[in-house]
Amino acid sequence: MERVYNFSAGPSMLPEPVLRKAQQEMLGYGKSGMSVMEMSHRSSHFQEIIDETEKLLRELMKIPDNYKVLFLQGGASSQFAMIPMNLFRNSKKADFVITGLWAKKAYQEASRYGKTNIVASSADTTFNYIPELDPSKFDPEADYFYITTNNTIYGTRFTTLPDTGNVPLVADMSSNILSQEYDVSKFGLIFAGAQKNMGPAGLTVVIIRQDLIGHAMDITPTMFNYKIHADEGSMYNTPPTYSIYICKLVLEWLKELGGISVMEKINIEKAKILYDFLDESSMFKGTVVKKDRSLMNIPFICPTEELNAKFIKEATAKGFVNLKGHRTVGGMRASIYNAMPVEGVQKLVEFMKQFEVENK
Ligand SMILES: *Cc1c(COP(=O)(O)O)cnc(C)c1O
């Protein structure tokens, strides 16, 4: 079967070796005689899978011992409520940097449970940059400070992290976790929906500093309490077993490749191929301020709507799929997560060059 180059923003492509391994183990995992999908989450086989997944994630991200790793459900969007319900433990205030739709949603949800403050926003120009942060606007009493490290829709990323002192930094890393090195100890909490860089949809990973666990508001539903999941080893109820298993395969693949530092170099190389072309092209233009460009999501446009539509149509026919940009940005967006091979970006750029010549 012919596989396409899938530039989807999420769920997105998985490394081919991961899919092959899953195929190999589809009917029987190890000596279990059954598929992971058919397995009790309380079985020793599954316990081994979830333990290994956590071990690999800790190793790859160098997660310090005073952090818990939770394998949850509900998507990144559930974290927009779960975070305030658990982290509003003193002042019930939080600082937000609004760099896109997801940050805005997190802000709106948190506003239902406490006092939220917008430190900075790039809404004025459809979020095509990361705003400068003025530390004098940070609330030293805030229970947490919230950012989205990579803005999936708009194609920006924080290249430096704000220094929030004793205020825990909370990061939505859904679209760039595992893509570049981060010092986990700089964060109070990191979370990610798995479907961009970690595995299939259905799994949400939370990495949380231990002292932030155990302060949930009284109204917090049991399933939204980090302490419940931390105490139960993410087995309070049935976790998304198959998604966790695929995540394990993705982490094994990443480790085999050389880990996150090697992945980061490849990601920089991949992004550069496309950005260099956008900078020299007279037809295609990047939409983002250069210094804040994402390594994962690259939005670009042609001079007219007609050309955008024609490009997407012809690209799709050639096997470059899911390139249509988000409706709030228009044009195109190439999501080039870890699993996208360098060759996929090279071929896309070749196609763009050809399109440019043909449509001059
Ligand atoms: C995709 C995405 C989300 C939403 O994730 P769900 O798992 O669908 O809730 C939130 N934040 C960011 C940065 C994303 O890329």
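The numbers here are math on the coordinates, done by the rules we state, and not lab data. None of these values were measured; they are calculated from a predicted model. Here the Cβ is made from the backbone with ideal geometry for all residues, glycine too, and neighbour counts use every protein chain on show.
Residue-wise HN-Hα couplings along segment 169-175, as the Karplus relation 6.51 cos²θ - 1.76 cosθ + 1.60 with θ = phi - 60° gives them from phi, are 8, 10, 10, 7, 10, 3, 9 Hz; Gly and Pro carry x.
Beta bridges from DSSP with both residues in the chain: antiparallel share about 55 percent, rounded to the nearest 5. Evaluated with a Cβ-only charge set (Lys, Arg +1; Asp, Glu -1), the chain carries a dipole of roughly 500 debye about its Cα centre, given to the nearest 20. With contacts taken as Cα pairs under 8 Å at a separation of at least 6 residues, the chain carries a relative contact order of 23 percent. In whole angstrom, how far apart do the alpha carbon centroids of segment 234-266 and segment 274-341 sit? That distance is 28 Å. The distance from the alpha carbon centre of segment 18-51 to that of segment 71-96 is 32 Å, rounded to a whole number. Relative contact order of segment 259-358: 29 percent, from C-alpha pairs under 8 Å at least 6 residues apart in sequence.
Please go through the residue pairs 248/313; 105/196; 92/291 and name each one whose alpha carbons sit more than 25 Å apart in this structure. From the list (248/313; 105/196; 92/291), the Cα-Cα distance tops 25 Å for 248/313; 92/291. Helical content alone sets the calculated 222 nm signal of the chain at -11000 deg cm²/dmol, taking -39,500 (n - 2.57) per DSSP H segment of four or more residues and averaging over every residue.
For segment 208-270, GluC sites (Glu not before Pro) are listed when DSSP marks them as loop and at most 14 other Cβ atoms sit within 10 Å of their Cβ; the list is 232.
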